[in-house]
Amino acid sequence: MQKKHSLWIAKPCYNSKRRKKGRIQLLYACTEHIELALDVAVDEWEVAPKIEKTTTDNDATCTYCGNKATYTVAK
């Protein structure tokens, strides 16, 4: 947690591979966490995200659990 003007502000509980001005631009998700990734993306971006299956040569891991990612959720 970081302190700002004597108030405690919690950092986001999710990680991302790319950020732009502190906002999430890309999420990786396994089949178990795709719904969570979609909820986070819609809450963050307020538009429907683009969902693609990852390629077999991609070694990306799920943003939430660390397993091999099956989907890429992008803005």
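The values are calculated or read from the model by the stated rules, or taken from the named source; none is laboratory data. Note that the coordinates shown come from a computational prediction; the quantities given were computed from them, not determined experimentally. As a convention, Cβ positions derive from the backbone with ideal geometry for all residues, glycine included, and neighbour counts pool all protein chains shown.
Can you pull out every residue in the range 56-70 that is within 11 Å of Glu32 (Cβ to Cβ) and under 11 Å from the mean Cα position of the chain (by Cα)? Cys62, Tyr64, listed by residue number.
In the range 61-75, the qualifying residues are those that are assigned to a loop (DSSP other than H, G, I, E, B) and out of contact with any Ser or Thr (no Cβ under 6 Å at 6 or more places or on another chain), and the one that is surrounded by the fewest Cβ atoms within 10 Å (Cβ to Cβ) is Gly66. Taken together, the residues in the range 46-59 that are within 10 Å of Val73 (Cβ to Cβ) and surrounded by 13 or more Cβ atoms within 10 Å (Cβ to Cβ) amount to 2.
Within the range 6-29, is even one residue modelled with pLDDT under 70, among the small types (Gly, Ala, Ser) and surrounded by 12 or more Cβ atoms within 10 Å (Cβ to Cβ)? Yes, there is a match, as at least one residue in the range 6-29 is modelled with pLDDT under 70, among the small types (Gly, Ala, Ser) and surrounded by 12 or more Cβ atoms within 10 Å (Cβ to Cβ).
The sole residue among Glu52, Glu32 that is in contact with a Phe, Trp or Tyr (Cβ under 9 Å, 6 or more places away or on another chain), assigned to a loop (DSSP other than H, G, I, E, B) and at pLDDT 85 or above is Glu32.
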